[in-house]
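Structure, as structure tokens:
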Amino acid sequence: MQPLRVALGERTYPIHIGAGLLDDAQIYAPHLRAGMVAVLSDRKVAPLYLARVRKALEKIGARVLEVVIEDGERAKSWATLDRVFDALLVARCGRDSLLVALGGGVIGDLGGFAAATYQRGIPFLQVPTTLLAQVDSSVGGKTAINHARGKNMIGAFHQPLAVIADVATLDSLPERELRAGIAEVIKHGFILDPVFVEWLETNIEKLLARDRGALAHAVWRSCELKARVVAEDEREAGLRAILNFGHTFGHAIEAGAGYGEWLHGEAIAVGMVMAAELSARAGTLRREEAERVTRLVARAGLPVRGPKLPLERYLELIQVDKKAAAGKVRFILLEGMGRAVLRGDIDAQLVRESIAAAVQ
């Protein structure tokens, strides 16, 4: 496939999508500088793919530092970030070094934040190996670690030099993580493209069966839609907020259940059901369309009911949301398939009812 582009002026970068890209030395070559290349990965992904990436980098003359950390959402912490910094410093990585984030969303978020802050910023590449990372978190320059009081609360905008999405890596993805990634694919359709929703309704079984063509199309269309939004609103001043459909509720689920208990995509799946329910109760979405959201989420094998947390705990966690303005939580609602809006005038009772309607 021809690369997509995230159009950000002098910081425009390509998104490469295809099979076998990890081994293509020429994809990495334009981004290699004189210094060290630090490949950040985790204990699950590194045994599968790190040697291949290292071989491709060494083929073009890179000196490679391997930094392998624990896997899972709990790794997005100050402690892990400090271990990454320590490895870079011990290896004497300078500002001419390149960081390669090889893994899922956790590695991309943590690696991007490390690149944004190490010596006030070094360049990095996103090499996502999960569906969720390929269709969402690797694109757009959002980087972060978690805080006990909220997900992704400590971070920075730092765009990669490129995204290299090798869809062949999805062959090794555990079933649960594949389904979690489909949640973000579905999200892009709900907020931006009704035709894509129809395609998903027709092809969801192909995605679950890991049909290579269907997966490549899902990654391509998701990245194309997200790249368009990021190009218009890089720093989330307005339009880009709609990409957080389901995330206000979903992040509350992740934090409330304990990071790692629910995969991000699983929490976002329930969050989308709650947000669609809220849209229906607020009068912006027809009831049958809200039910359509729930049906597609369920067909993807994703949860449609949240954990049994006290309602007040949900409400407390929702207050810690980056979209809040003037002390008020703002919600992404649907106005129909492919149309989303940011609203800050939603009655608190409707929020309570929408959460209660989608809790186990």
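The values are calculated or read from the model by the stated rules, or taken from the named source; none is laboratory data. Keep in mind that this is a model prediction, so the values were computed, not measured. Backbone-built Cβ (ideal geometry, glycine too); neighbour counts: all protein chains shown.
Assess whether A267 counts as being out of contact with any Leu (no Cβ under 6 Å at 6 or more places or on another chain), over 29 Å from Y49 (Cβ atoms) and of a type outside the set (F, W, Y).
On the way: out of contact with any Leu (no Cβ under 6 Å at 6 or more places or on another chain): yes; over 29 Å from Y49 (Cβ atoms): no; of a type outside the set (F, W, Y): yes.
For A267, the condition - out of contact with any Leu (no Cβ under 6 Å at 6 or more places or on another chain), over 29 Å from Y49 (Cβ atoms) and of a type outside the set (F, W, Y) - is not met.
Taking the stated definitions as given, is E224 acidic (D, E), buried (at least 16 other Cβ atoms within 10 Å of the Cβ) and modelled with pLDDT of 95 or more?
Details: acidic (D, E): yes; buried (at least 16 other Cβ atoms within 10 Å of the Cβ): yes; modelled with pLDDT of 95 or more: yes.
In short, yes.
Could you list all residues from region 204-213 that are basic (K, R) and outside any loop (DSSP other than H, G, I, E, B)? Working first, answer last.
Our first condition is that a residue be basic (K, R); within region 204-213, this holds for 206, 210, 212.
Correct list: K206, R212.
Can you confirm whether region 248-257 contains a residue that is at pLDDT 95 or above, under 15 Å from the mean Cα position of the chain (by Cα) and within 16 Å of I186 (Cα to Cα)?
yes
On the basis of being in contact (Cβ under 8 Å) with a residue 60 or more places away in the chain, surrounded by 14 or more Cβ atoms within 10 Å (Cβ to Cβ) and part of a helix (DSSP H, G or I), does A252 make the cut? Break it down stepwise before answering.
Numbers: in contact (Cβ under 8 Å) with a residue 60 or more places away in the chain: yes; surrounded by 14 or more Cβ atoms within 10 Å (Cβ to Cβ): yes; part of a helix (DSSP H, G or I): yes.
For A252, the condition - in contact (Cβ under 8 Å) with a residue 60 or more places away in the chain, surrounded by 14 or more Cβ atoms within 10 Å (Cβ to Cβ) and part of a helix (DSSP H, G or I) - is met.
Can you name the helices (runs of 4 or more DSSP H) wholly within region 1-120 that have at least 1 residues being within 15 Å of T169 (Cβ to Cβ), without any contact (Cβ under 8 Å) to a residue 60 or more places away in the chain and in the same structural domain as I164 (by TED's automatic domain parsing)?
Once the helices (runs of 4 or more DSSP H) in region 1-120 are filtered for at least 1 residues that are within 15 Å of T169 (Cβ to Cβ), without any contact (Cβ under 8 Å) to a residue 60 or more places away in the chain and in the same structural domain as I164 (by TED's automatic domain parsing), what remains is 51-59, 105-117.
Go through the residues of region 263-277 one by one and say whether even a single one is over 20 Å from the mean Cα position of the chain (by Cα) and over 24 Å from N152 (Cα atoms).
yes
Got a number for residues in region 30-52 being within 12 Å of E66 (Cα to Cα) and β-branched (V, I, T)?
Qualifying residue count for the region: 2.
Return the residue satisfying two criteria in turn: it lies in region 121-155 and is in contact with a Cys (Cβ under 9 Å, 6 or more places away or on another chain) and part of a loop (DSSP other than H, G, I, E, B), and of such residues it is farthest from L208 (Cα to Cα).
Filtering first and then ranking leaves I122.
Confirm whether N152 is modelled with pLDDT of 95 or more, among the polar types (S, T, N, Q) and within 23 Å of P303 (Cβ to Cβ). Give the derivation first.
On the way: modelled with pLDDT of 95 or more: no; among the polar types (S, T, N, Q): yes; within 23 Å of P303 (Cβ to Cβ): yes.
For N152, the condition - modelled with pLDDT of 95 or more, among the polar types (S, T, N, Q) and within 23 Å of P303 (Cβ to Cβ) - is not met.
Given the conditions (1) touching a helix residue (DSSP H, G or I) at 6+ places or on another chain (Cβ under 8 Å); (2) part of a helix (DSSP H, G or I), and given that A227 satisfies all but one, which numbered condition is not satisfied?
Status for A227: all satisfied but (1).
If you go through region 235-247 one residue at a time, how many are part of a loop (DSSP other than H, G, I, E, B) and touching a strand residue (DSSP E or B) at 6+ places or on another chain (Cβ under 7 Å)? Outline the logic, then answer.
Step one: list which residues in region 235-247 are part of a loop (DSSP other than H, G, I, E, B), which gives 235-238, 245-246.
With the extra rule that they be touching a strand residue (DSSP E or B) at 6+ places or on another chain (Cβ under 7 Å), the set shrinks to 235, 245.
Qualifying residue count, region 235-247: 2.
Kindly indicate which of E177, E201 is outside any strand (DSSP E or B), closer than 22 Å to H16 by Cβ and touching a residue at least 40 places away in the same chain (Cβ under 8 Å). Give the steps one after another, and end with the answer.
Numbers: E201 fails: closer than 22 Å to H16 by Cβ.
Selected residue: E177, the only one of E177, E201 that is outside any strand (DSSP E or B), closer than 22 Å to H16 by Cβ and touching a residue at least 40 places away in the same chain (Cβ under 8 Å).
Give me a count of the residues in region 180-198 that are part of a loop (DSSP other than H, G, I, E, B) and closer than 16 Å to Q134 by Cα.
Going residue by residue through region 180-198, those that are part of a loop (DSSP other than H, G, I, E, B) are 193.
Still in the list and also closer than 16 Å to Q134 by Cα: none.
Number of matching residues: 0.
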